[in-house]
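The values are calculated or read from the model by the stated rules, or taken from the named source; none is laboratory data. Just so it is clear, the model here is predicted, and its values are computed rather than measured. As a convention, Cβ positions derive from the backbone with ideal geometry for all residues, glycine included, and neighbour counts pool all protein chains shown. What goes into the accessible areas is simple: the full protein's heavy atoms, side chains included, and nothing from ligands, DNA or RNA. Shrake-Rupley method; radii C 1.70, N 1.55, O 1.52, S 1.80 Å.
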Amino acid sequence: MFVIKQAGIGMATMSDLKTQAKQTLAAAQDARIYVLNDGKPVAGIVSLEIMSLVEDLLEDQALAKVAQERMTAVESGSEALLDEDDFFAQADAMLAAGSAIATPKKGARSATGSARTRKTRR
């Protein structure tokens, strides 16, 4: 049976999900639901609002990892920092080509083009 253990937290067994799925999903709008299998937590059910927060956090962590890897490469000298014009020129070229943004190797330079047009969008 589904039981609220404390404010905002509930538990449901696997059989509860089979017999009370609608009630469990409704309860997940106001509480984090831990799903138990053989008495051990195996999953969670959360509202879409909380799921959105989790997705934002995961995206932030992924971006932070990329930024840290990039800073480590710049600090080690294996990659160069781009100046503003070069950054926007490369971004414009890659967006036009539909490719992902790559990091330049140390000493690499790119042609400047419509980089200044992007400044107004920041």
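The set of residues in region 14-42 that are part of a strand (DSSP E or B) and either open to solvent by 50 Å² or more (accessible area, probe 1.4 Å) or of a type in the set (Phe, Trp, Tyr) (or both) comprises Arg32, Tyr34, Asn37, Lys40, Pro41, Val42. The numbered conditions (1) out of contact with any Lys or Arg (no Cβ under 7 Å at 6 or more places or on another chain); (2) at positive phi; (3) not β-branched (Val, Ile, Thr) are all true for Met51 except (2). Could you say whether any residue in region 77-85 is open to solvent by less than 90 Å² (accessible area, probe 1.4 Å), assigned to a strand (DSSP E or B) and at pLDDT below 90? Within region 77-85 (the criterion being open to solvent by less than 90 Å² (accessible area, probe 1.4 Å), assigned to a strand (DSSP E or B) and at pLDDT below 90), the answer is yes, since at least one residue qualifies.
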